[in-house]
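**Student:** Submitted below is the structure of interest, expressed as structure tokens.
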Amino acid sequence: MNCKKTLTAASVLWFISSGYAAHADDFNADNYLFGDIGGYRSQLHNDGIDVSLGYTFETGGNLSGGERHAYSYADQTVLGFDFDLNKLFGLDGGRFRFSLTNRGGQAQNINNKAEIGQLMQSLEVYGRGRTTRISEFFYEQKLLGGDLDLKLGRMNFGSEFGDFQCEFSYLGFCGSQPGNFNSTLYNWPISQWAGTAKYNLNPEWYVKLGVYQMNPSWLKNSQGLNFGSPHGTKGLTIPAELGWTPTLNGLPGTWKLGYWYDTAGGNDLYYNEQGQPLILDGGVARTHSNKSGAYFVVDQQITSVDGDSSRGLSVFSNITLNDRDITTVDRSFNVGIVYKGPFASRPKDQWGLAGQYLHVSDRLSDSQRLFNAAVMGGDMPVQDDEMVFASYYKFQVTPALALRPEIQYIHNPGGLSENDNAWVATLKGSVAF
């Protein structure tokens, strides 16, 4: 029996025997497909044990662009356990979190199958191997009346720093962005040994610091269920974030400014170890012992409907700056809008529209220009900028089931004007059991 079947079977047995509950902060048994299961779900929640099972699928294909028309499918199943240690053992402010993620679907994303050449994926849930992984395994302790929040265990960068909503199928508008560009920053479903500390300066402002193990061995499928630590640690990643969670005109928002530094570094895009251009002289790329980057995230609701803040227009933006000597995309910028409850008859639906600018590092494009100037007849394409636009409509079919058709337009895929612009259509669905 493969990992996915094993995970699904174990989940079903759990539900039959002991029920299911959502995260303690927003528990409502009516929001889940299996309901309250005769009161077992609510009883578990009241006792301090919350169990979650969610399934997401994404599918789609290119309508134009690329070398051929292609279709792809990817999915993700997440089984999570939350233990309120105050309810269970009287440990005030204590919590333990454990989750497993299984990713499945086809071996190639739309981009690869159709050879569109784009810089980011059209199906965000694709990637990191079709296998089961430990995505979270950490202890959390709140101190000083809840103002200080400490976490220690297995976590990922993207769940703690620069984290963002994930309604779009296109990866550039989904989740924490630094991890989408930097090989040493891991987003879900990868987890690393880490520790974080968050301190609330006041009800609206906080600061957060973290230390993450940087070990590329966690990317291997064989390490997915390793509760220890494999060989291969390269260094540490140290992020910091300043956050503001205001209520402007009675409407909620989240603003984040972050910086990260790692001691793992990476390979230079332009120079070899002798300080000569790689593209002409070859050899081994110069190694940098560290790198750093920064990000800015805003997600602010700006309107409501007749005083109902569960409906209305929000604006968002993500700016990501990466090390231009090492990272292919050295900066990106996106901006978008989300309208919750666009119709009175569909108050839980959403509509989203966004655009993204991606800039290929001048170190890489300079080396391509150098090749063309130095080699007779050189006609290597020179990478520059890529732009992507996407729009989705979320049908909240039931409180537990949502479907999101999405259309994407990719201009200059890969930052190359030689590549045909592409239209991609996707469908994303999610179920909370």
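**Student:** Going by a ≥ b ≥ c, the root eigenvalues of the Cα gyration tensor, does segment 229-331 fall in the rounded group (a/c under 1.5), the prolate group (a/b larger than b/c) or the oblate group?
**Tutor:** Prolate, because a/c is 1.5 or more and a/b exceeds b/c.
**Student:** Given a 1.4 Å probe and every protein chain left where it sits, what share in percent of the accessible area of segment 336-423 is carbon and sulfur?
**Tutor:** 62
**Student:** Roughly how many debye, to the nearest 20, is the charge dipole of the chain about its Cα centre, given +1 on each Lys and Arg Cβ, -1 on each Asp and Glu Cβ, and no other charges? Let's see the in-between values first.
**Tutor:** Working: 33 positive and 43 negative charges, 194 e Å.
Magnitude of the dipole: close to 940 debye.
**Student:** Same structure, new question: Taking R0 as 35 Å, what's the FRET efficiency between residue 267 and residue 165 from their Cβ-Cβ distance, rounded to 0.05?
**Tutor:** 0.60
**Student:** Right, another one. To the nearest 20 debye, what is the magnitude of the charge dipole of segment 197-298 about its Cα centre, counting +1 on the Cβ of each Lys and Arg and -1 on the Cβ of each Asp and Glu?
**Tutor:** 260
**Student:** Right, here's the next one. Can you work out D for the chain in µm² s⁻¹ from Stokes-Einstein, where Rh is the Kirkwood radius over C-alpha pairs, the temperature is 10 °C and the viscosity is 1.306 mPa s?
**Tutor:** 68
**Student:** Right, another one. Along the three principal axes, how long is segment 112-191 when you take its alpha carbons, biggest first, rounded to the nearest angstrom?
**Tutor:** So the extents along the principal axes, rounded to whole Å, are 53, 24, 22.
**Student:** Please list, or write none, the lysines whose alpha carbon is within less than 25 Å of the alpha carbon of residue 234, excluding same-chain residues fewer than 8 places away.
**Tutor:** 151, 208, 220, 291
**Student:** Quick one: what are the phi-derived ³J(HN,Hα) couplings along segment 203-220, Karplus 6.51/-1.76/1.60 with θ = phi - 60°, whole Hz, x for glycine and proline?
**Tutor:** x, 10, 10, 9, 10, 9, 10, x, 9, 10, 5, 10, 9, x, 5, 5, 6, 6
**Student:** Moving to a separate point now. When ranked by the protection proxy of mean other Cβ atoms within 10 Å per residue, highest first, what sequence do the peptides 158-170, 92-104 form?
**Tutor:** Those peptides, ordered most packed to least, come out 158-170, 92-104.
**Student:** Hey, another quick one. Between residue 303 and residue 47, what is the label-point separation in nm under the 7 Å Cα-to-beta-carbon projection?
**Tutor:** 4.8
**Student:** Also, I was wondering about something else. Check which residues have an amide H placed less than 5 Å from residue 33's amide H, if you skip close sequence neighbours.
**Tutor:** Residues meeting the criterion, in which the H sits 1.01 Å from N, are 432, 433.
**Student:** In addition: Indicate the gyration tensor shape class of segment 201-271 (rounded, prolate or oblate), computed on the Cα atoms with a ≥ b ≥ c the square roots of the eigenvalues: a/c under 1.5 is rounded; otherwise a/b larger than b/c is prolate and the rest oblate.
**Tutor:** prolate
**Student:** Under 14 Å Cα-Cα from residue 394, which aspartates and glutamates qualify once same-chain neighbours fewer than 8 residues away are excluded?
**Tutor:** Of all the aspartates and glutamates, those that pass the test against residue 394 - Cα under 14 Å, at least 8 places apart if same chain - are 58, 167, 349, 406.
**Student:** Which FRET efficiency value, to the nearest 0.05, do you get for residue 152 and residue 240 by plugging their Cβ-Cβ distance into 1/(1 + (r/R0)^6) with R0 = 25 Å?
**Tutor:** 0.90
**Student:** If you count only protein heavy atoms with a 1.4 Å probe, what accessible area per residue comes out for segment 196-315, rounded to a whole Å²?
**Tutor:** Per residue, segment 196-315 has 51 Å² of solvent-accessible surface.
**Student:** Now a separate question. Among 51, 322, 297, which residue has its Cα positioned farthest towards the positive end of the charge dipole of the chain, with +1 placed on the Cβ of Lys and Arg, -1 on the Cβ of Asp and Glu, and the dipole taken about the Cα centre?
**Tutor:** 51
**Student:** So what is the relative contact order of segment 206-298, in percent, for Cα pairs below 8 Å that sit 6 or more residues apart?
**Tutor:** 24
**Student:** Estimate the FRET efficiency between residue 280 and residue 115 by the formula 1/(1 + (r/R0)^6), using the beta-carbon distance for r and 22 Å for R0, to the nearest 0.05.
**Tutor:** About 0.20, to the nearest 0.05.
**Student:** Still on this structure: Taking the Cα centre of segment 16-172 as the origin, how large is its charge dipole in debye, to the nearest 20, when only Lys and Arg (+1) and Asp and Glu (-1) carry charge on their Cβ atoms?
**Tutor:** Around 680 debye, computed over segment 16-172.
**Student:** Still on this structure: Kirkwood Rh, segment 329-433, all Cα pairs: how many Å? Kindly include the intermediate steps, with their values, before the conclusion.
**Tutor:** Values: mean 1/r = 0.0611 Å⁻¹.
16.4 Å is the Kirkwood radius here.
**Student:** Further question on the same structure: Roughly to the nearest percent, how much of the accessible area of segment 108-258 is carbon and sulfur, given a 1.4 Å probe?
**Tutor:** Carbon plus sulfur share of accessible area: 58 percent.
**Student:** Before I look further, what does segment 49-172 give for accessible area per residue, probe 1.4 Å, in whole square angstrom?
**Tutor:** 37
**Student:** With the cut-off at 1.5 for a/c, could you classify segment 98-231 from its C-alpha gyration tensor as rounded, prolate or oblate?
**Tutor:** Working: a/c = 2.50, a/b = 1.52, b/c = 1.64.
Oblate shape, in that a/c is at least 1.5 and b/c is the bigger or equal ratio.
The values are calculated or read from the model by the stated rules, or taken from the named source; none is laboratory data. Remember, it's a predicted structure, so these values are computed and weren't measured experimentally. Counting neighbours? That spans all protein chains shown, and the Cβs are built from the backbone with ideal geometry, glycine included. Remember, those area values only see protein heavy atoms, side chains included, never the ligands or the DNA or RNA. Shrake-Rupley method; radii C 1.70, N 1.55, O 1.52, S 1.80 Å.
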